[in-house]
1. List the helices (runs of 4 or more DSSP H) inside segment 15-82, counting only whole elements, that have at least 3 residues being under 28 Å from residue 142 (Cβ atoms).
2. It is to be established whether one or more residues within segment 189-205 are assigned to a loop (DSSP other than H, G, I, E, B) and within 20 Å of the chain's Cα centre (by Cα).
3. For the structure I just gave you, tell me whether residue 89 is assigned to a helix (DSSP H, G or I), of a type in the set (Gly, Ala, Ser) and at pLDDT 95 or above.
4. Could you tell me which of the residues 42, 46, 21 is surrounded by 15 or more Cβ atoms within 10 Å (Cβ to Cβ), outside the structural domain of residue 135 (by TED's automatic domain parsing), more than 17 Å from residue 113 (Cα to Cα) and touching a Gly at 6+ places or on another chain (Cβ under 9 Å)?
5. Do we have any residue at all in segment 138-158 that's assigned to a helix (DSSP H, G or I), surrounded by 13 or more Cβ atoms within 10 Å (Cβ to Cβ) and touching a Pro at 6+ places or on another chain (Cβ under 7 Å)?
6. Please find, within segment 179-198, the residue that is surrounded by the fewest Cβ atoms within 10 Å (Cβ to Cβ) out of those that are farther than 11 Å from residue 103 by Cβ and free of Cβ contacts under 8 Å to residues at least 12 places away in the same chain.
7. So which of 101, 111, 91, 117 is surrounded by 18 or more Cβ atoms within 10 Å (Cβ to Cβ), under 27 Å from residue 151 (Cβ atoms) and either not basic (Lys, Arg) or not assigned by TED's automatic domain parsing to the domain that holds residue 202 (or both)?
8. For segment 25-39, name all the residues that are surrounded by fewer than 16 Cβ atoms within 10 Å (Cβ to Cβ) and of a type outside the set (Gly, Ala, Ser).
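The values are calculated or read from the model by the stated rules, or taken from the named source; none is laboratory data. The shown structure was predicted, so the numbers you read here are calculated from the model rather than taken from an experiment. Here Cβ is always computed from backbone atoms with ideal geometry, including for glycine, and neighbour counts include all displayed protein chains.
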Amino acid sequence: MVDSNVRFGSRRATPEVRQAEILDAALSQFAARGFADARMEEVAREARVSKGTVYLYYPTKMALFEALVRRDIGPRVEMMSGFLTSYDGPLEPVLRRVAGLVGGLIDSGQLPIYPKLLVAEAGRFPELVLFYRREVVGVILAALSGVFERAMARDEIRRGDSEVLAHLFIAPLLKSVLWSLVFAPAEAVPFKATPYLDAHIDLFMKGLKTGVPSDA
């Protein structure tokens, strides 16, 4: 825990405190300017450190982005992946839990900035997308694939490709994120992700159970 008496940017600040301050400043700059237009000198100014100090810890903007994702999203991904990997209960409740988390973030306006950055900057900076795909989306997809494999093994759902099922499941979740970022701001009626994702789960589960014996 950071001592509340430590003044960020002062000589008393520890390396850990300075790194946290730099990351907070980088997040602020990315949110205000986007990845392309953010400047290391502005990050340094907002963090109240020298530009050299920023480069000491984070030699590039990509390094800043990676550190931010690992700090802000990494623990959530680790927790969700661990839960999904160890889960061996009924399929529908866990799918509703995952969809509910995403829908709740969208509907409450608490969606992290990173998807917005990816949408805006993917064309010019594909390395952002590749990193996020590997560190976030790929980890969750692999864990979901295991959930579907176990559901098939106990004959809860019909047989299929577990990786394809994982992609099919998250497609409407990603669409909800994209819609909230691109189209919803211009709509007169706010987009609500939760009812949409509830309907998705209803239809998805009906399709998965087609052909499964009623006593399975």
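1. 15-37, 61-72
2. Residues of segment 189-205 assigned to a loop (DSSP other than H, G, I, E, B): 189-192.
Subset that is within 20 Å of the chain's Cα centre (by Cα): 191-192.
Taking every residue of segment 189-205 in turn, at least one turns out to be assigned to a loop (DSSP other than H, G, I, E, B) and within 20 Å of the chain's Cα centre (by Cα).
3. Criteria not met by residue 89.
4. The conditions single out 21.
5. Scanning segment 138-158 turns up no residue that is assigned to a helix (DSSP H, G or I), surrounded by 13 or more Cβ atoms within 10 Å (Cβ to Cβ) and touching a Pro at 6+ places or on another chain (Cβ under 7 Å).
6. Once the filter is applied, the top-ranked residue is 188.
7. Numbers: 101 fails: surrounded by 18 or more Cβ atoms within 10 Å (Cβ to Cβ); 111 fails: under 27 Å from residue 151 (Cβ atoms); 117 fails: under 27 Å from residue 151 (Cβ atoms).
Result of the check over 101, 111, 91, 117: 91.
8. Answer for segment 25-39, where residues must be surrounded by fewer than 16 Cβ atoms within 10 Å (Cβ to Cβ) and of a type outside the set (Gly, Ala, Ser): 33, 37, 39.
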